[in-house]
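The values are calculated or read from the model by the stated rules, or taken from the named source; none is laboratory data. Everything quoted here is computed from the prediction, not taken from an experiment. A quick note on method: Cβ atoms are made from the backbone with ideal geometry, for glycine too, and the neighbour counts reach across all protein chains shown. Ligands, DNA and RNA are excluded from the accessible area calculation, which covers all protein heavy atoms including side chains. Shrake-Rupley method; radii C 1.70, N 1.55, O 1.52, S 1.80 Å.
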Amino acid sequence: MTKVLVATEKPFSNAAIAEVKKVFQEAGYELKLLEQYADKGELLKEVKDVQALIIRSDKVDSEVIEAAQALKIVVRAGAGYDNVDLEAASENGVVAMNTPGQNSNAVAELVFGMLIYLNRNRFNAKAGTELRGKKLGIHAYGYVGRIVASIAKGLGMYVYAFDPYVDRTIIENDGVIHLNSVEELYDTCQYVSLHIPANEQTKQSINENLISRMPEGATIVNTARKEVIYEKDLLKLMAERDDLRYLSDIAPDCRDQLQEKYPDRVFFTPKKMGAQTAEANLNAGVAAAKQIVGFLENGDATFKVN
Ligand code: 3PG
């Protein structure tokens, strides 16, 4: 019997798990759950006999891949797959997939949840500021970026986007102003929302050169990955500019320092919460389960990333 492990340090909702179970029951597969595990040893033990693995931000490195002797497919239920060692997967004949778009709305909504929370001074009765009429720059126009654009327009913001991998007509057809260079985005927009993946090109790419260009009231919202910010430059600019603000769903390594020095200008969720909604759990979890069945039964490798 085919065995599937759902290994989620940050568990899916019960409703999502119930639906995932149904998909595997119908396929005649056995489902094992490893939730809220504290150490890698537990994952190494549980992956030993499974043919398929569903994860979230859980790290699947070469050690995990090598321990999973029967593994054929790992699906990252979500967008970013920087937590999976793709090379090790390929070397061991394991297909890696993600579930693009399935949790994007949840992440996009959190962008505005965090912005409004900080703009209204954490609802502490002090007068805050509004988003209407302000300029928002979307750095990378993928699934999340597109929804962020549509919400921002509903809020009456002026929306700009930079993405060298997306055709300008796609951006313009959404009523968003297309910019040709990343510098222009940071030159133009008081608010910048990051939606770039973490890879060799993007790690530490949000640096002094970009941040220092931002107009008065500069605010960066990062629901992407902590690694894309160059923390040394962020710390320097936070000290130099008392208008600069940084909000993130993935706290930087220098979180304590920032919170202590600039409590009114930073906000970090205690744990990555962007995709943590009932709807996103259901969409991403079920998509991952169906992709596994589709691959193992019919060889469908549509969302393969390695
Ligand atoms: C993603 O890449 O899909 C998001 O960062 C969500 O990550 P999570 O599944 O760990 O919440």
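Give me the pairs: first residue in the stretch 202-230 and farther than 20 Å from L118 by Cα, second residue in a strand (DSSP E or B) and open to solvent by 40 Å² or more (accessible area, probe 1.4 Å), beta-carbon distance under 9 Å, and six or more apart or on different chains, which are they?
That search, which allows pairs on different chains as well, returns nothing.
Would a scan of the stretch 144-154 turn up a residue that is touching a residue at least 60 places away in the same chain (Cβ under 8 Å), under 15 Å from P197 (Cβ atoms) and not acidic (D, E)? Write out each step before concluding.
Let us first name the residues in the stretch 144-154 that are touching a residue at least 60 places away in the same chain (Cβ under 8 Å), namely 144.
If we keep only those that are under 15 Å from P197 (Cβ atoms) as well, we get 144.
So of that shortlist, the ones also not acidic (D, E) come out as 144.
Yes, the stretch 144-154 has at least one match.
Out of all the residues in the stretch 55-93, which are away from the ligand (no atom under 16 Å from the Cβ), open to solvent by less than 20 Å² (accessible area, probe 1.4 Å) and in contact (Cβ under 8 Å) with a residue 60 or more places away in the chain?
The answer is I73, A89.
Return the residues of the stretch 268-302 that are of a type outside the set (G, A, S) and under 17 Å from the mean Cα position of the chain (by Cα); say none if nothing qualifies.
Answer for the stretch 268-302, where residues must be of a type outside the set (G, A, S) and under 17 Å from the mean Cα position of the chain (by Cα): F268, T269, P270, K271, K272, M273, Q276, T277, E279, N281, L282, N283.
Among A106, A149, which is the only one that is within 13 Å of the ligand (Cβ to nearest atom) and open to solvent by less than 30 Å² (accessible area, probe 1.4 Å)?
A106
Out of curiosity, is E9 farther than 21 Å from E297 by Cα, assigned by TED's automatic domain parsing to the domain that holds N281 and open to solvent by 20 Å² or more (accessible area, probe 1.4 Å)? If you could, list the steps in order and put the result at the bottom.
Details: farther than 21 Å from E297 by Cα: yes; assigned by TED's automatic domain parsing to the domain that holds N281: yes; open to solvent by 20 Å² or more (accessible area, probe 1.4 Å): yes.
Here the answer is yes, as E9 does meet what is asked.
Being open to solvent by 30 Å² or more (accessible area, probe 1.4 Å) and closer than 22 Å to L86 by Cα, is that true of even one residue in the stretch 265-283?
no
Filter the stretch 262-275 down to the residues that are within 16 Å of the ligand (Cβ to nearest atom) and in contact (Cβ under 8 Å) with a residue 24 or more places away in the chain, then identify the one that is nearest to M114 (Cα to Cα).
It comes out as T269.
Which of the residues spanning the stretch 60-95 are of a type in the set (G, A, S) and under 17 Å from the mean Cα position of the chain (by Cα)?
Matches in the stretch 60-95: A77, G78, A79, G80.
Cβ-Cβ below 9 Å, separation at least six or inter-chain, first residue in the stretch 276-292 and away from the ligand (no atom under 11 Å from the Cβ), second among the acidic types (D, E): which pairs?
Within 9 Å, the pairs are L282/E19; V286/E19; A289/E19; Q291/D300.
Scan (1) closer than 21 Å to Q102 by Cβ; (2) touching a residue at least 40 places away in the same chain (Cβ under 8 Å); (3) more than 16 Å from the ligand (Cβ to nearest atom) for the single condition K22 breaks and write down its number.
Going through the list (1) closer than 21 Å to Q102 by Cβ; (2) touching a residue at least 40 places away in the same chain (Cβ under 8 Å); (3) more than 16 Å from the ligand (Cβ to nearest atom), K22 breaks only (2).
Give me a count of the residues in the stretch 112-141 that are over 14 Å from R245 (Cα atoms), open to solvent by 20 Å² or more (accessible area, probe 1.4 Å) and of a type in the set (A, V, I, L, M).
2
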